[in-house]
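Below is one structure, written out as structure tokens; comments come after it.
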Amino acid sequence: MNKTKTVVLARKPETFPVYRVPLKYLYYNDQNDRISTEIVRYRTENNKELPTDIEEYNQIFEDLVVKSKEDAIVNTQNSIARRGQDNPGVTLKDGRVVDGNRRFTCLRRIQKVTNQEQYFETIILDFDYENDYRYIKSLELELQMGVDEKVKYDPIDRLFGVYKSIRIEKAFTIEEYAALFDDYSVKDVKKDLELAELMCEYLDFQGSHGKYYIAKDMDLQGTLHEIPSILEKVKKKDPNLVDDVKLRIFASIGAGVSSRLNLFMRDIRDVIDGGDLKKYLDETEDAVNNAIQALEESPVQNYNDLSDGLRKRDDIKEGLITPVTTQKKAVDSKKLKKAPIKNSRDALSTLNAIHIESILDMSKDDRDELKRILGMLQDKISEIGGKI
């Protein structure tokens, strides 16, 4: 082939020749963040490591890739079957496919259907990365920068990818990880790490340590995003109560108190911001203790275990929901009662912004209109004043 592909390595574009490689010489990248939690699921549920036999290993990964985005796989497979492989992949010299897992998967499926040998078009990087996590991960992430057509990561897979790279493998500092991207700042990495650590704490709370795939099954990303602002408000009131509030948040998630947990989290935030925090903690204490006991009695090995155990306990749900809804109504009522003060302050601020001198430059019609509006304002002020 005379085909070439240009990739950016170490921030510099480099052009490589493209080869057609028989699929039997290739294998999936086990450091791929897109299916990272599914790899954890496989190891946990099967209680074993990935097989060393290359075909058995590849079949497991093929199934995981298809499961992660089956519609996209079918579309890409149909396209490759009709037109061939448009975009070459990136492979290391030992056969590890670091970019092009979906294309590799589609070709494997086409080969099975047609019973005709297929070839993966790819550049081959002559680097001896072997199983060096840092280099493989750096390469994988660098190859993905600025590529719009990539299928987006599942949010939990992405959070786990950050957590694994920095906290578990300790392959990067926060600054080093951020430097791999054009649009992912140190601040962004710290925020994602905070969410990932909350995810891990929640999994520990329900006795599912390290089972990151359960967080994905629970679709927790939206709920996780609401938690830091709640804890920040608690910290400002009393740092010693942060862990107590966190327990109530985790119990509410586990018990499934609402089909829209992120909105319930906002209600908790409003209660902490404008309600009686100590009363909230006291009124939910029994429900939290009962939730912890229920989880100890029925360990959570998968998402269905929650539905069969803790989420059947209506008494726990009620004990977590009622104190929030009661105080939320009180907070909202207080806000409504103070609305006249807020609106009056806003109106005064707006009037103070008027430059008196500019009135002299107004036309007669505009001055007459201003006079009419001020008269209406005076009438409204008199009406409000008469009620005080």
Of all residues in the range 246-280, how many are touching a residue at least 12 places away in the same chain (Cβ under 8 Å) and more than 20 Å from residue 294 (Cβ to Cβ)? 16
Could you grab me the full set of residues in the range 288-322 that are of a type in the set (Lys, Arg) and in contact (Cβ under 8 Å) with a residue 12 or more places away in the chain? 311, 313, 317
Filtering the range 303-319 for residues that are under 25 Å from the mean Cα position of the chain (by Cα) and either of a type in the set (Phe, Trp, Tyr) or buried (at least 16 other Cβ atoms within 10 Å of the Cβ) (or both) leaves a count of 5
With 328, 364, 371 as the choices, which residue is among the charged types (D, E, K, R) and under 30 Å from residue 272 (Cα atoms)? 328
Residue pairs meeting the criteria (Cβ under 7 Å; at least 6 apart or on separate chains; first in the same structural domain as residue 387 (by TED's automatic domain parsing) and in contact (Cβ under 8 Å) with a residue 40 or more places away in the chain, in the range 341-369; second outside any helix (DSSP H, G or I) and not acidic (Asp, Glu)): none
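Say whether the condition of being among the hydrophobic types (A, V, I, L, M, F, W, C), touching an Asp or Glu at 6+ places or on another chain (Cβ under 6 Å) and closer than 27 Å to residue 225 by Cβ is met by at least one residue in the range 311-325. Before the answer, list the steps.
So in the range 311-325, the residues among the hydrophobic types (A, V, I, L, M, F, W, C) come out as 316, 320-321, 324.
Next cut, touching an Asp or Glu at 6+ places or on another chain (Cβ under 6 Å) only: 324.
With closer than 27 Å to residue 225 by Cβ added as a condition, the list becomes 324.
Yes, the range 311-325 contains a residue that is among the hydrophobic types (A, V, I, L, M, F, W, C), touching an Asp or Glu at 6+ places or on another chain (Cβ under 6 Å) and closer than 27 Å to residue 225 by Cβ.
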Out of the range 310-331, which residues are closer than 16 Å to residue 284 by Cβ and either outside any helix (DSSP H, G or I) or of a type outside the set (Val, Ile, Thr) (or both)? 310, 313, 314, 315, 317, 318, 319, 320, 323, 327, 328, 330
Restricting to the range 303-360, give me the number of residues that are within 30 Å of residue 212 (Cα to Cα) and charged (D, E, K, R). 9
Looking at 53, 63, 71, 94, can you tell me which residue is of a type in the set (D, E, K, R), surrounded by fewer than 18 Cβ atoms within 10 Å (Cβ to Cβ) and in contact (Cβ under 8 Å) with a residue 12 or more places away in the chain? 94
Within the range 15-44, count every residue that is of a type in the set (Asp, Glu) and at pLDDT 90 or above. 1
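How do the helices (runs of 4 or more DSSP H) wholly within the range 141-223 filter down when requiring 2 or more residues that are over 14 Å from the mean Cα position of the chain (by Cα), farther than 27 Å from residue 244 by Cα and modelled with pLDDT under 95: which remain? Write out each step before concluding.
Working: elements: 155-163, 174-178, 186-205, 212-217.
Where helices (runs of 4 or more DSSP H) fall fully within the range 141-223 and carry at least 2 residues being over 14 Å from the mean Cα position of the chain (by Cα), farther than 27 Å from residue 244 by Cα and modelled with pLDDT under 95, they are 174-178.
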Among the listed residues 282, 219, 238, which satisfies the condition of being more than 27 Å from residue 192 (Cα to Cα) and either surrounded by fewer than 20 Cβ atoms within 10 Å (Cβ to Cβ) or among the aliphatic types (A, V, I, L, M) (or both)? 282
What are the residues in the range 60-96 that are within 17 Å of residue 28 (Cα to Cα), of a type in the set (A, V, I, L, M) and at pLDDT below 95, if any? 64, 65, 66, 73, 90, 92
Of the conditions (1) surrounded by 21 or more Cβ atoms within 10 Å (Cβ to Cβ); (2) free of Cβ contacts under 8 Å to residues at least 40 places away in the same chain; (3) more than 23 Å from residue 68 (Cβ to Cβ); (4) not β-branched (Val, Ile, Thr), residue 190 fails just one. Which one is it? (1)
The range 113-127 residues that are assigned by TED's automatic domain parsing to the domain that holds residue 18, paired with ones that are of a type in the set (Lys, Arg) and part of a strand (DSSP E or B) (beta carbon under 6 Å, 6 or more apart): 119/20; 121/20; 123/5
Looking at (1) surrounded by fewer than 17 Cβ atoms within 10 Å (Cβ to Cβ); (2) without any contact (Cβ under 8 Å) to a residue 40 or more places away in the chain; (3) touching a strand residue (DSSP E or B) at 6+ places or on another chain (Cβ under 6 Å); (4) closer than 17 Å to residue 125 by Cα, which is the one condition that is false for residue 11? (3)
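The values are calculated or read from the model by the stated rules, or taken from the named source; none is laboratory data. All figures in this text were calculated on a predicted structure; none of them were measured in a lab. FYI the Cβ positions are ideal-geometry reconstructions off the backbone, even for glycines, and counts take in every protein chain you see.
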